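K.L.:
Could you have a look at this structure, given as structure tokens, before my questions?
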Amino acid sequence: MSTHQTTSPSDMASLRSRLQHFIETEAIPREDLSLAHDVERLDIVIRELQRKARAAQLYAPQLPRELGGLGLNWQERAPVLEEAGRSFLGPGALNCAPPDQPNMINLLRSGTEDQQRRYLMPLIEGHIRSCFAMTEPAPGAGSDPSMLKTRAVRRGQGWRINGHKWFISGAIGAAFAIVLAQTDEGATLFIVDADRPGYEVLRNIGSMDGFQIGGHGEIRLIDCDVEKSAVLGEVGKGFSYAQERLEPARLSHCMRFIGRASRAMEIAQQYAMQRSSFGQKLSDLQQVQAMVADSHIDLHACRLMSLNCAAKMDAGESVKHDSAMTKIFVSEAVNRVADRAVQMMGALGISDDTPVSMIFRELRPFRIYDGASELHRSTIARRVFRDGLRP
């Protein structure tokens, strides 16, 4: 990918201020909770917001400037993705939401000129959406990608793919999928158009999070024939390409969800300062004060860990170990923050009268996707023992 230029502190301050105004005046007012799980209506709202974000020069902070993005490095993206993440609609509005954001990474790094013209540029423009199809029902690939069952075999000048995928975020309405399939040479990525014969989206799987663009689809590939040109990158290197997208995706999720948890606590703090119980404001109760203090500590630590990992990524260093630790800590910390916000607000916190309940539901899955906390802990420990890492 192109090298990102450093943005001046004054320009960054201006950008964050303009983005904060956009999120508060454009994105948050459109957060009708009836949009949750309504994929078609959500697409319409996101497309409208993308037009406004482009006009406001807030679009695609993760992309190089020559491709219409803001050209921000990882450290510069941290406050921007956090600010965007305050709203359920913010990341989509800026076209920096998963799965399109990490799919852009794969296409930028490994795509041919034709693949970039056909798939990457329409993604960047917001004309289409995509998905990444790896996860499979048991006994297929889940936390352990080596259990991959979807298979592609050579057929003439192309490939025939057969497999079953589910919990594929963004699949409903996606124009194409990047499909991970096993071949004789090893796991391989294929670009499969959604209108290709043999590719079928079976359903949108209901889930507790409501604002996932394109929902979570279940897909069948039955004798799905694709051309040789459908291979993304090199045959047999699919796992390494999947890893290329995973570390940036983890860090981006951390940054966005710090913003979401921060908003939940901000709403809870405002409630605690207004609500009285037993002759005292909730904000005067030590147990409530402790929840607020612990949440600020958690969020501060989240930001520092994310920025440290971002600095290493900007320096071109490996962040396998750091991104795993950051992902574990942030995914669990933002859940603690949102849980405290719900608790502070009582019945109001579990209702749909405020965004807090939906924020809590949106944050909970982060401990599972992009690698469950238990898997990352095991990987971290094995690396520590293998390499003799000092604590």
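K.L.:
Quick check: pseudo-label points 7 Å beyond the Cα along Cα→Cβ at GLN20 and ARG390, how many nm apart are they?
P.N.:
Modelled inter-label distance: 4.0 nm.
K.L.:
Grab the other residues whose beta carbon is less than 12 angstrom from that of ARG364, score K and R as +1, D and E as -1, and report the net.
P.N.:
Once positives and negatives cancel, what remains is 0.
K.L.:
For the stretch 239-387, state what percent of all Cα-Cα pairs lands in each successive 5 Å bin, counting from 0 Å until the bin that includes the largest distance.
P.N.:
Spelled out per bin, shortest first, that is 2, 10, 18, 18, 17, 12, 9, 7, 4, 2, 1, 0, 0.
K.L.:
Highest mean first, what order results for 325-338, 227-240 on Cβ atoms within 10 Å?
P.N.:
Those peptides, ordered most packed to least, come out 325-338, 227-240.
K.L.:
Between ASP193 and SER34, what is the FRET efficiency for a Förster distance of 25 Å, r being their Cβ-Cβ separation, to the nearest 0.05?
P.N.:
After rounding to 0.05, the efficiency reads 0.20.
K.L.:
Still on this structure, I have one more. Hey, with R₀ at 30 Å, roughly what FRET efficiency would ARG275 and HIS296 work out to, going by the Cβ-Cβ distance, to 0.05?
P.N.:
So, using R0 = 30 Å, E works out to roughly 0.95.
K.L.:
Below 8 Å between Cα atoms, with a sequence gap of 6+, how large is the relative contact order for the stretch 130-243 in percent?
P.N.:
Rounded, it is 29 percent for the stretch 130-243.
K.L.:
Taking 7 Å along the Cα-to-C-beta vector as the label spot, tell me the ASP184-SER318 distance in nanometres, rounded to one decimal.
P.N.:
Going from the ASP184 label point to the SER318 one covers 3.2 nm.
K.L.:
Which FRET efficiency value, to the nearest 0.05, do you get for HIS127 and GLN289 by plugging their Cβ-Cβ distance into 1/(1 + (r/R0)^6) with R0 = 41 Å?
P.N.:
It comes to 0.25.
K.L.:
What ranking, highest mean first, results for peptides 190-198, 78-86 when packing means the other Cβ atoms within 10 Å averaged over each residue?
P.N.:
78-86, 190-198
K.L.:
Out of residues 5 or more away from LYS149 or on other chains, whose amide H comes under 5 Å of its own, with H placed 1.01 Å from N in the peptide plane?
P.N.:
ALA141
K.L.:
Take the Cα coordinates of the stretch 5-52, assign each an equal point scatterer, and use the Debye formula without solvent to give log10 I(q)/I(0) at q = 0.22 Å⁻¹.
P.N.:
Here log10 of I(q) over I(0) equals -0.80.
K.L.:
Given 0.36 nm per residue, what is the gain on full extension from ASP223 to SER351 after removing their alpha carbon distance, in nm?
P.N.:
Roughly 41.5 nm would be gained on extension.
K.L.:
Please report Rg (one decimal) and Dmax (integer) in Å for the Cα set of the stretch 39-157.
P.N.:
16.6, 50
K.L.:
Name the residues whose placed amide hydrogens come within less than 5 Å of the amide hydrogen of ILE205, ignoring near sequence neighbours (fewer than 5 apart) on the same chain.
P.N.:
Amide H neighbours of ILE205, under 5 Å, 5+ apart: HIS216, GLY217, GLU218.
K.L.:
Rank-order 283-290, 296-303, 263-270 by packing density, defined as the average count of other C-beta atoms within 10 Å over each peptide's residues, highest first.
P.N.:
Going from most to least packed, we get 263-270, 296-303, 283-290.
K.L.:
OK, next. Taking only C-alpha pairs under 8 Å that are 6+ residues apart, what is the relative contact order of the stretch 9-97 in percent?
P.N.:
It rounds to 36 percent for the stretch 9-97.
K.L.:
So for the pair ARG203, VAL153, with labels modelled 7 Å out along Cα→Cβ, what separation do we get in nm?
P.N.:
3.0
K.L.:
When the gyration tensor of the stretch 193-310 is built from Cα positions, what are the square roots of 5 times its three eigenvalues, in whole Å, from largest to smallest?
P.N.:
In descending order, the three semi-axes are 46, 21, 8 Å.
Coordinate-derived values only; no laboratory data. All values derive from a computational prediction rather than experimental measurement. Because the Cβ atoms are built from the backbone with ideal geometry, glycine has one as well, and the counts that use them run over all protein chains shown.
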